[in-house]
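S.K.: The following block contains the structure, expressed as structure tokens.
The values are calculated or read from the model by the stated rules, or taken from the named source; none is laboratory data. All values derive from a computational prediction rather than experimental measurement. Ideal geometry is used to build each Cβ from the backbone, glycine not excepted, and the neighbour counts take in all protein chains shown. Each accessible area value is taken on the protein alone, full model and side chains, heavy atoms only, with ligands, DNA and RNA left out. Shrake-Rupley method; radii C 1.70, N 1.55, O 1.52, S 1.80 Å.
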Amino acid sequence: VKDDSDSNPTETALAAEVERLRSENDRHTRRIEQLERRISLQPQSGLPTHFRLEVELEGIIEGLKTTEDKRGLSLLILQLGESYAALRKTLKTSISEWILYQTGSRISSLLRAEDRLFHTRESEFVLVLPGLKGEGLAKFLRSLIPRLAEPHIFSGLNITIGASIGGAYWPEHGCERSPLMHHADIAAGASAERKRSFTLFKPELLSRAVERVELQNAIIKAIEQNGADRIGEQFYLLFQPKLFLGALEGDLLRIESIEAEILIRWRHPDKGVLSPTTFIPLAEETGLILPLGKWLIYQSARKLAAIMREVPVCSGLSINLSARQFHSDDAAEIVATALARSGARPADLTIEVTETGLFEDPETAAKILRKFNELGVKISMDDFGTGYSSLSHLHRFPLHEIKIDRQFIEDLSDNRQDQIIVRSLIAISRGMGLSLVAEGVEKPEAVRMLWDMGCTGFQGFLFAKPLSEDDFVAFCARIRAQGMTWKLGDRFESLEPSE
Ligand code: C2E
Ligand code: CA
Ligand code: CA
């Protein structure tokens, strides 16, 4: 056998193969390192991402366990407000990136050396604060929250982004990383839902979260699984009168016209009748507001046609469109088709949209409003005064009516500040030739005061709660029988339990 150990072709090939694999392996390792670096740092803020959070938080918790550090830690999850998501859609990427960068540096500027900050999702930051609980945490939040609320100034724009923060303590609210994170997340969700700046986790929040999921499933069942034509088995409409005055003589209101706002109710199979404030936000989140809203628009158009035919003193109805409905592509078409099919007149329908729904994206909103205007329906700005919109932009919208939010009306007669605000809201709206409605009117004194300030439209429990259709017809009949007057302080009592 020939000795060819020096140049054994198999061995040479093997060595080459090993070399090739080694360099491939190096390439892989470098690639992995590169990728790891990329996923560990958020490009917009330069902060570590949730990949780092997982590793580091685990390490920190292990450290605390072994050193028996009794001080524990706070984990905070900070979610940027809805206005960030809205901005993200309308403004240049460079602006939203600037805001993220700014937010990151604002938080960083308040941290101690041992604190850690992560940028976990585009609009979410996580803070790990060793030893900071109770009063110490409260003090930190007292400097953080106002710092976050400061406007971001960017090439002439003045942008304010709120944030909702949720917090959980180690070890009280979770001994391991995963439950601790989960509980802080639940607390952050509760903050966002209640429009609070901070919520500390507590076990009750868990049952609320479960309830939310159950409710969400029940809506899906009521709307999707049963099919559009069966939505009416669980949902129904109520009518709350809006009164427009021509005069106020002593205790006697002279009624110029009556309208009503349509308010939806859900007869939940187990929970009984639910208020829209519990299920409309869930329907918005899941997108189910679109089929539900479409059903409501068709129903409302039918009711409008019937009521206008049968109740001569009623001069119109209004419906509420949520922000998502209002911004959906075919909102105006749905309204147009519903009106055409029912034979109702567009001029008899008012669409109520909230101030926040309009101002989040003023340009698109103005376009949609023009479409509604071309249709001939009227537009009312709901909950006026609650958003942080600039009143000077109002003239950009083709509006017909303004509804002053209930919070200003509640204790108008005792609250000087509210009086000043309401007086100027009335002045602005009148200056623009808009019709005005005060909502949530519960006291006779409020009617006198508002009337003196120049407000002519009134809605509230003082006159009537949301009524069934039959009750609303009876309400109109009573006003007609009283020669189009109403005695201040009289309340319409339902003939049947409607809620
Ligand atoms: P909103 O449009 O501001 O409706 C007025 C709410 O205030 C109604 O609550 C009404 O019952 C209540 N209210 C009226 N007068 C008084 C009063 O004097 N005092 C007090 N404390 N409350 C009064 P409701 O029916 O629970 O509706 C809550 C919100 O749900 C509505 O606020 C509206 O934003 C939304 N919503 C109701 N129906 C619909 C709907 O069909 N579609 C959409 N998208 N949203 C709806
Ligand atoms: Ca409304
Ligand atoms: Ca309102």
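S.K.: Consider D115 carefully, then state whether it is within 22 Å of the chain's Cα centre (by Cα) and surrounded by 15 or more Cβ atoms within 10 Å (Cβ to Cβ). Walk me through it before giving the result.
M.R.: Values: within 22 Å of the chain's Cα centre (by Cα): no; surrounded by 15 or more Cβ atoms within 10 Å (Cβ to Cβ): yes.
Criteria not met by D115.
Okay, residues lined up against (1) more than 31 Å from the chain's Cα centre (by Cα); (2) among the β-branched types (V, I, T); (3) within 13 Å of ligand 1 (Cβ to nearest atom):
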{"site": "G433", "(1), (2), (3)": "no, no, no"}
{"site": "M449", "(1), (2), (3)": "yes, no, no"}
{"site": "M453", "(1), (2), (3)": "yes, no, no"}
{"site": "K465", "(1), (2), (3)": "no, no, yes"}
{"site": "A474", "(1), (2), (3)": "yes, no, no"}
{"site": "A477", "(1), (2), (3)": "yes, no, no"}
{"site": "M484", "(1), (2), (3)": "yes, no, no"}
{"site": "R491", "(1), (2), (3)": "yes, no, yes"}
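S.K.: On to the next question. Is it true that F475 is within 16 Å of ligand 2 (Cβ to nearest atom), crowded, with 17+ Cβ neighbours inside 10 Å and either in contact (Cβ under 8 Å) with a residue 60 or more places away in the chain or among the aliphatic types (A, V, I, L, M) (or both)? Break it down into steps so the answer makes sense when it comes.
M.R.: Details: within 16 Å of ligand 2 (Cβ to nearest atom): no; crowded, with 17+ Cβ neighbours inside 10 Å: yes; either in contact (Cβ under 8 Å) with a residue 60 or more places away in the chain or among the aliphatic types (A, V, I, L, M) (or both): yes.
No, not satisfied.
S.K.: Same structure, new question: List, please: which pairs have Cβ atoms under 6 Å, are six or more places apart or on different chains, and start with a residue in the range 198-216 that is among the aliphatic types (A, V, I, L, M) and end with one that is not in a helix (DSSP H, G or I)?
M.R.: Close Cβ pairs (under 6 Å, with a partner that is not in a helix (DSSP H, G or I)) amount to L200/G167.
S.K.: Would you check which residues across the range 217-231 are assigned to a helix (DSSP H, G or I) and either open to solvent by 40 Å² or more (accessible area, probe 1.4 Å) or basic (K, R) (or both) and list them?
M.R.: As a first pass, look at the range 217-231 and keep what is assigned to a helix (DSSP H, G or I): 217-225, 228-231.
Matches in the range 217-231: N217, I220, K221, E224, Q225, A228, D229, R230.
S.K.: Which numbered condition trips up E355, out of (1) open to solvent by less than 30 Å² (accessible area, probe 1.4 Å); (2) farther than 17 Å from L436 by Cα?
M.R.: (2)
S.K.: Now a separate question. Can you go through L296, L263, L317 and tell me which one is within 16 Å of ligand 2 (Cβ to nearest atom), under 28 Å from F475 (Cα atoms), open to solvent by less than 50 Å² (accessible area, probe 1.4 Å) and assigned to a helix (DSSP H, G or I)? First the steps, then the outcome.
M.R.: Working: L263 fails: assigned to a helix (DSSP H, G or I); L317 fails: assigned to a helix (DSSP H, G or I).
Exactly one of L296, L263, L317 is within 16 Å of ligand 2 (Cβ to nearest atom), under 28 Å from F475 (Cα atoms), open to solvent by less than 50 Å² (accessible area, probe 1.4 Å) and assigned to a helix (DSSP H, G or I), namely L296.
S.K.: Report, by residue number, each residue of the range 352-370 that is within 21 Å of I262 (Cβ to Cβ) and away from ligand 3 (no atom under 16 Å from the Cβ). Reasoning before the result, please.
M.R.: From the range 352-370, those within 21 Å of I262 (Cβ to Cβ) are 352-358, 368-369; that's our starting set.
Of everything in the range 352-370, those that are within 21 Å of I262 (Cβ to Cβ) and away from ligand 3 (no atom under 16 Å from the Cβ) turn out to be I368, L369.
S.K.: Those residues that are open to solvent by 50 Å² or more (accessible area, probe 1.4 Å) and not in a helix (DSSP H, G or I), I need them from the range 323-352; list them, please.
M.R.: Across the range 323-352, the qualifying residues are D329, D330, G343, R345.
S.K.: Only one of (1) without any contact (Cβ under 8 Å) to a residue 60 or more places away in the chain; (2) within 16 Å of ligand 2 (Cβ to nearest atom) is not met by D330, so which one is it?
M.R.: (2)
S.K.: Now, a different point. Look through L75, L35 and report the one residue that is in a strand (DSSP E or B) and either of a type in the set (D, E) or closer than 26 Å to L117 by Cα (or both). Don't jump to the end; show me each part of the working.
M.R.: Values: L35 fails: in a strand (DSSP E or B).
So the residue among L75, L35 that is in a strand (DSSP E or B) and either of a type in the set (D, E) or closer than 26 Å to L117 by Cα (or both) is L75.
S.K.: Listed residues A427, A481; which is of a type in the set (G, A, S), within 20 Å of L243 (Cβ to Cβ), surrounded by fewer than 17 Cβ atoms within 10 Å (Cβ to Cβ) and more than 16 Å from ligand 3 (Cβ to nearest atom)?
M.R.: Working: A427 fails: within 20 Å of L243 (Cβ to Cβ).
Of the residues listed, the single one that is of a type in the set (G, A, S), within 20 Å of L243 (Cβ to Cβ), surrounded by fewer than 17 Cβ atoms within 10 Å (Cβ to Cβ) and more than 16 Å from ligand 3 (Cβ to nearest atom) is A481.
S.K.: Here's another thing I want to ask about it. Output the residue which, of all residues in the range 430-453 that are in contact (Cβ under 8 Å) with a residue 60 or more places away in the chain and within 16 Å of ligand 3 (Cβ to nearest atom), is most open to solvent (accessible area, probe 1.4 Å).
M.R.: Among residues in the range 430-453 that are in contact (Cβ under 8 Å) with a residue 60 or more places away in the chain and within 16 Å of ligand 3 (Cβ to nearest atom), the one most open to solvent (accessible area, probe 1.4 Å) is S435.
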